[in-house]
Amino acid sequence: MKFQESDPGGSTSRGRGRRVASSLSEINVVPLVDVMLVLLIIFMVTAPMIQRGIEVNLPVARRAQPIEGERVEVTIPATYRVDHKVYLGTELIRREVVQERVRQKMETASQKDVNLRGDREVNLGELTEVTDLLKAAGVEHVGFVTKAPTE
């Protein structure tokens, strides 16, 4: 049964009747929200893994102090003895180019300080070799990164 609408003039005419809203015209956002929540969980789980950096077994020092400020970081992995490569930040570079690359980074830095992270397996001779390269590049202070016994 269709309803008839009346004109303001009083005459009745056949109208289209009432329109029933169909469910096809609405967007279902529940699957979208589900997908977004899954993506959020994935990013929350993977973000700490991405920010970790290079794994080295740092030596333990009882009087280790926290690092303050932004400094250039050089990491000597345990494989240095074999391949003579170090990390400048997160970039793996050969020993031969360490001096030039550090000099480039130090050009604009106000403090010419470098934090040196060395694996426990690195011997004193290898550590001194890298320190000499850093000093030749214009680094004023070389700080050794260690970890506290509780870490």
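Among the residues of the stretch 117-138, those identified as in contact with a strand residue (DSSP E or B) (Cβ under 6 Å, 6 or more places away or on another chain) and either under 17 Å from E96 (Cα atoms) or surrounded by fewer than 15 Cβ atoms within 10 Å (Cβ to Cβ) (or both) are L127, V130, T131, L134. Each residue in the stretch 129-150 was checked for being free of Cβ contacts under 8 Å to residues at least 40 places away in the same chain and over 21 Å from E91 (Cα atoms), and 3 pass.
The set of residues from the stretch 114-135 being part of a helix (DSSP H, G or I) and either of a type outside the set (G, A, S) or under 15 Å from V74 (Cα atoms) (or both) comprises L124, E126, L127, T128, E129, V130, T131, D132, L133, L134, K135.
Where a number appears in this text, it was derived from the coordinates with a stated rule and is not lab data. Being a predicted model, the structure only gives us computed values, none of them experimental. Virtual Cβ from ideal backbone geometry, glycine too; neighbours counted across all protein chains shown.
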